[in-house]
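Please read the structure below before turning to the comments.
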Amino acid sequence: MLAGEKGAREALRLTLGWHAVFSHWSPFSWQPDILARRVFNLACAARRMAAVANEADRALLADILARQARQLLRPPGGLAENAAQRTAAAVAGCALGGKAGASLRRRALNKLASALKHTVREDGAHASRSPQAGLELLLDLLTLDDVLLQLAETPPPELALAIGRLTMGAAHPDPARRAAGRIPGRRGAGPGPGRRRPRPRRGRSRPGGGHGPRRLRPGAYPAADPDRRCGAAPPTGPWSGTACAQTGAMEIICGRDRIVTNCGWTPRAHERQAMRLTPAGSTLCLGDGAMAQPLTGWKADLLGTRLVGPTIHVDAQHRAAEGAVWLEIEHDGWAPRFGLKHQRRLYLDQRLDELRAEERLYPCDGHKDAARPLAAPYAVRFHLEPGVQASLARDKRSILLRGASGRGWWFRSDAPDVDIEPSVHVADGLTRRSLQLVLRGSARTDAETRIRWKMSPAGASGETG
């Protein structure tokens, strides 16, 4: 569409060619999530394509769009995909003219109102708790809102409410999103470039057009800041198809350098399901397993790669004072196997640019088991952003980290074993090599274990390591 009339003609040729090969339903070309994106994009481009088509091709183009849009409204539909599918169908109904378009639009909007109640939470988060899923849905809803207004139709109140809540969630002062202009890589949201963001509501897109890409601007924020919204358990059921078993995982931003991140799994890396497990997140792992596992085999074929495991309860407390931020996250994800709770305490001293933390494991009531081992190995992992340099100091407990800006940071810990190990990182569907810091030791299942660590600017106290 950016190539003018020539591009519109090529888009029309490709669409008609697709119809000649894939017009009959098949699980490959008519998979619901693929179908929804195809319908949405086709609806946004339809007017410009129709302008360069002859009468016969214009009629066929409308039939192609209408048939696929009607398919999106047919049962059965997955709960997690309903909002995106019905939004795409409604946009298609706006692109199509006459009674057929009005009927399709009316049906889609009625179904969309119900879907949004289940998909958008009151706090502005997507029900899957994926920031990327919330941003993508918000962009789609803004496009639908624009074209409805251009058709002189009043958007349903549920649409305005969902847009308001998602906008609130997207505008959360999250330093991890501002650093390097991208959304944080957690909960199935890949840490890709933040080129897309909602435009102000006062700007209206052209008919049949969407909201174009914009680049986030880095802002000013503390030298290191934990993700304040990581205190939630993984979603369950149909909403867990993109969830990761990494409760308490975080990212750390130092200046404009993203130092600590996660492996960045997204649905685009479908074959890398192991990256959804606990060791792929910057959090504590007990034993050699994970808090939950994605479905495999015929169950995954039927229900998708949902995350299955015991229900995890999370308690998060956040306090802020002048020059300091305190975040405490506690969960029982390891209680069924080891009878232990994990508590992560983070204290950010903004005046010293220093982040101090404590990982605490302690027995919890109601999970006593005589057959449970008395000790369990633990590993606290900090996956580094690709390109971050890490050097182990002579004391074997301190590590010098240096980001893209060249500024150095000391990472220190009182864990029995501190090491630098290989890791991988997924961004924009591409896997890159990286490093991870790993704190290892053994925790008793009948007593309390504490592991302390901190990050501070290199040379802040005259130390050279």
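Determine whether Ala36 is under 20 Å from Gly304 (Cα atoms), touching a strand residue (DSSP E or B) at 6+ places or on another chain (Cβ under 8 Å) and assigned to a helix (DSSP H, G or I). No: the conditions fail for Ala36. Residue-level check: of (1) among the β-branched types (Val, Ile, Thr); (2) in a helix (DSSP H, G or I); (3) surrounded by fewer than 17 Cβ atoms within 10 Å (Cβ to Cβ), Val147 misses just (3). Taking residues in region 426-445 that are farther than 30 Å from Phe338 by Cβ, and partners anywhere that are surrounded by 19 or more Cβ atoms within 10 Å (Cβ to Cβ) and hydroxyl-bearing (Ser, Thr, Tyr), the pairs with Cβ atoms closer than 8 Å and at least 6 places apart or on different chains are Gly429/Thr266; Arg433/Ser423. Every test in (1) aliphatic (A, V, I, L, M); (2) at pLDDT below 90; (3) in contact with an Asp or Glu (Cβ under 6 Å, 6 or more places away or on another chain) is passed by Val380 save one, and that test is (2).
Might you let me know whether region 121-142 holds any residue that is among the aliphatic types (A, V, I, L, M) and without any contact (Cβ under 8 Å) to a residue 40 or more places away in the chain? Within region 121-142, not a single residue is among the aliphatic types (A, V, I, L, M) and without any contact (Cβ under 8 Å) to a residue 40 or more places away in the chain.
Given the structure, is Thr261 in contact with a Cys (Cβ under 9 Å, 6 or more places away or on another chain) and either within 23 Å of Leu439 (Cα to Cα) or modelled with pLDDT of 90 or more (or both)? Explain how you work it out, then say what you get.
Working: in contact with a Cys (Cβ under 9 Å, 6 or more places away or on another chain): no; either within 23 Å of Leu439 (Cα to Cα) or modelled with pLDDT of 90 or more (or both): yes.
For Thr261, the condition - in contact with a Cys (Cβ under 9 Å, 6 or more places away or on another chain) and either within 23 Å of Leu439 (Cα to Cα) or modelled with pLDDT of 90 or more (or both) - is not met.
With respect to being small (Gly, Ala, Ser), at pLDDT 90 or above and either under 27 Å from the mean Cα position of the chain (by Cα) or at positive phi (or both), Ala324 falls outside the description.
Of the residues contained in region 163-172, none is found to be modelled with pLDDT of 85 or more, part of a loop (DSSP other than H, G, I, E, B) and out of contact with any Cys (no Cβ under 7 Å at 6 or more places or on another chain).
Residues of region 320-341 that are in a strand (DSSP E or B), out of contact with any Asp or Glu (no Cβ under 7 Å at 6 or more places or on another chain), within 30 Å of Arg372 (Cα to Cα) and of a type outside the set (A, V, I, L, M): Glu328, His331.
Among the listed residues Ala324, Ala300, identify the single one that is surrounded by 13 or more Cβ atoms within 10 Å (Cβ to Cβ), in contact with a Leu (Cβ under 9 Å, 6 or more places away or on another chain), among the small types (Gly, Ala, Ser) and assigned by TED's automatic domain parsing to the domain that holds Leu352.
Working: Ala300 fails: in contact with a Leu (Cβ under 9 Å, 6 or more places away or on another chain).
It is Ala324.
Residues in region 264-280 that are at pLDDT 90 or above and either in contact with a helix residue (DSSP H, G or I) (Cβ under 9 Å, 6 or more places away or on another chain) or more than 23 Å from Arg360 (Cβ to Cβ) (or both): Ala280 only. Restricting region 282-308 to residues that are of a type in the set (A, V, I, L, M) and part of a loop (DSSP other than H, G, I, E, B) leaves a set whose member that is nearest to Gly241 (Cα to Cα) is Leu295.
Exactly one residue out of Ala56, Ala62 is farther than 21 Å from Pro156 by Cα and surrounded by fewer than 12 Cβ atoms within 10 Å (Cβ to Cβ): that is Ala56. Could you check, for region 309-318, whether at least one of its residues is touching an Asp or Glu at 6+ places or on another chain (Cβ under 8 Å), part of a loop (DSSP other than H, G, I, E, B) and surrounded by fewer than 19 Cβ atoms within 10 Å (Cβ to Cβ)? Looking for residues that are touching an Asp or Glu at 6+ places or on another chain (Cβ under 8 Å), part of a loop (DSSP other than H, G, I, E, B) and surrounded by fewer than 19 Cβ atoms within 10 Å (Cβ to Cβ), one finds at least one in region 309-318, hence yes. Flag not set for Leu159, criterion: closer than 21 Å to Ala66 by Cα and outside any loop (DSSP other than H, G, I, E, B).
The values are calculated or read from the model by the stated rules, or taken from the named source; none is laboratory data. Source: prediction; values computed, not measured. Counting neighbours? That spans all protein chains shown, and the Cβs are built from the backbone with ideal geometry, glycine included.
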